[in-house]
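This report concerns only the one structure given below.
The values are calculated or read from the model by the stated rules, or taken from the named source; none is laboratory data. Quantities reported herein were computed from a predicted structural model and do not represent experimental measurements. Counting neighbours? That spans all protein chains shown, and the Cβs are built from the backbone with ideal geometry, glycine included. Ligands, DNA and RNA are stripped out before the accessible areas are found, and what is left, the full protein with its side chains, is counted by its heavy atoms. Shrake-Rupley method; radii C 1.70, N 1.55, O 1.52, S 1.80 Å.
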Amino acid sequence: RFGSKSKRKTCRCARSIFSIAAMICEAASMFGNNLFSMWLILTFLGLTSCLSMSGLAFAKLYWNPSYETWRFKSNPKFPKPEHVRTEVLLTIKCISLSTMLPALSLYLAAQGKSQAFCGWGGRSIWWHLGCLGALLLGIDFFEWAYHYMGHQVPAMWKQHKSHHKFYNPTPFSVIADEAVDQLMRTAPMLLSVIMPLNMDVLFGLFAVMFYAYGVYLHSGYELAWPDAHHPIINTSFQHYLHHAEGAVGKPRHTGFFIKLWDQLADGDSTAHMFQMGKCTCSKCSRERGERSVEAWKKVERVDYSCLLSPKFWLQAFA
């Protein structure tokens, strides 16, 4: 099934990301004294890993989709190639921005101006597990709060609204934001200035939370489990709904990992739609018979082969 296969791949991806995070931390001991070099290294690693993860997901889900896969798509329509091209170009720009504060964090650690460390750091496994849990909840709340304000405060919406051009997102839109959003969302990377932190854990958590899980949230496809009506976990449908309906004054699911923050702010739009019998998630759509073979035959297939053409990319700058 689509859901079970995707979960296995996600677990393998998460293990690989934590391994890379450990390598980054060790590399900082050699290059961390040069801030620019550290930024270049992180930017290169970010470009290769992020575009690879997004590219693999896009190829699997969009290049030649099957009927069985399409049944799990939040929006039954496929975005145009020009839409995908904009996502990719904005992501490339944003990766260079999103690596600035992580590079600064490693630089400060190398200079002995922070409490960051690699490995166990002489602390117990319970300390590390407690720190991981606290970071997970704390950063998730921080990201929700900043995102929520980005939809409530007009000045902040001006910075964030470009991300909502992608109302039918693909895996390439994870960090297709503007500069201020990128810098604010990576600000927790500097927590080691005021408290001891395992940088292996912090980098791994950020990579998994803000990109690997972000690829799933922006994939445009839902899993068999957790489905859109899971009481705790934010799923790709919540984030699709956020892209499709979110605007200034209309947050619509600004959470990332857990639904709690949106539920406390009465922002669980999926629950409201379900109560009114108007939920549009793929599960409810399938149950209503809206993802039939006949419906699939009416969907316009999009040819994405132009994404392999240099000419197509150059037209974006014409």
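The helix-only estimate of mean residue ellipticity at 222 nm for the chain, built from DSSP H runs of length n ≥ 4 each weighted as -39500 (n - 2.57), is -17500 deg cm²/dmol after division by the residue total. The overall shape of the range 172-318 is oblate: from the C-alpha gyration tensor, with semi-axes ordered a ≥ b ≥ c, the ratio a/c is 1.5 or greater and a/b is no larger than b/c.
Helix 236-245 sits at what angle to the longest principal axis of the chain, using alpha carbons and giving 0 to 90 degrees rounded to 10? That works out to roughly 70 degrees. The H on the amide N of Tyr221, modeled in the peptide plane, is under 5 Å from the matching H of Ser74, each at least 5 residues off or on a different chain. Give me the percent of the accessible area of the chain that comes from carbon and sulfur atoms, probe 1.4 Å, all protein chains in place. C and S fraction of accessible area: 66 percent. With Cα atoms as the point set, the range 29-135 shows a radius of gyration and Dmax of 19.6, 56 Å. Note on Cys118: accessible area approximately 50 square angstrom, rounded to 10, probe 1.4 Å, nucleic acids and ligands left out. Surface listing: Lys297, Lys60 arranged by accessible area from highest to lowest gives Lys297, Lys60, probe 1.4 Å. Answer rounded, prolate or oblate for the range 114-171, using the Cα gyration tensor with square roots of eigenvalues a ≥ b ≥ c: rounded when a/c is under 1.5, else prolate when a/b is larger than b/c, else oblate. Verdict is prolate for the range 114-171.
When the chain is treated as a GNM, springs tying every alpha-carbon pair under 10 Å, which of Arg301, Arg123, Arg286 comes out with the largest mean-square fluctuation? Comparing Arg301, Arg123, Arg286 in a Gaussian network model of the chain, the most mobile one is Arg123. Could you tell me how far the Cα centroid of the range 49-93 sits from the Cα centroid of the range 193-253, in Å? So the separation of the two Cα centres works out to 17 Å.
Computed over the Cα atoms of the range 201-251, the ratio of the radius of gyration to the Kirkwood radius (Rg/Rh) comes to 1.03. Summing Cβ point charges (Lys, Arg +1; Asp, Glu -1) relative to the Cα centre of the chain gives a dipole of roughly 820 debye. What is the range 212-278 by shape, rounded, prolate or oblate, if you read a ≥ b ≥ c off the alpha carbon gyration tensor as root eigenvalues and call it rounded for a/c under 1.5, prolate for a/b larger than b/c, and oblate otherwise? Because its axes are fairly even, with a/c under 1.5, the range 212-278 counts as rounded. Between exposed chymotrypsin sites (Phe, Trp or Tyr not before Pro) in the chain, where DSSP calls loop and at most 16 other Cβ atoms lie within 10 Å, what's the longest gap? Value returned for the longest uninterrupted segment is 168-318.
Which of the pairs Lys80/Lys165; Lys161/Lys298; Lys60/Lys283; Lys165/Lys283; Lys60/Lys297 have their Cα atoms more than 23 Å apart in this structure?
Listed pairs above 23 Å: Lys161/Lys298; Lys165/Lys283.
Per residue, the range 39-187 exposes 45 Å² of solvent-accessible protein surface, assessed with a 1.4 angstrom probe and all protein chains in place. Along the range 128-135 the Karplus relation, 6.51 cos²θ - 1.76 cosθ + 1.60 evaluated at θ = phi - 60°, assigns HN-Hα couplings of 5, 5, x, 5, 4, x, 5, 5 Hz to successive residues, with x for each Gly and Pro. When only the Cβ of Lys, Arg, Asp and Glu is charged (+1, +1, -1, -1), the dipole of the range 95-247 relative to its Cα centre reaches about 380 debye.
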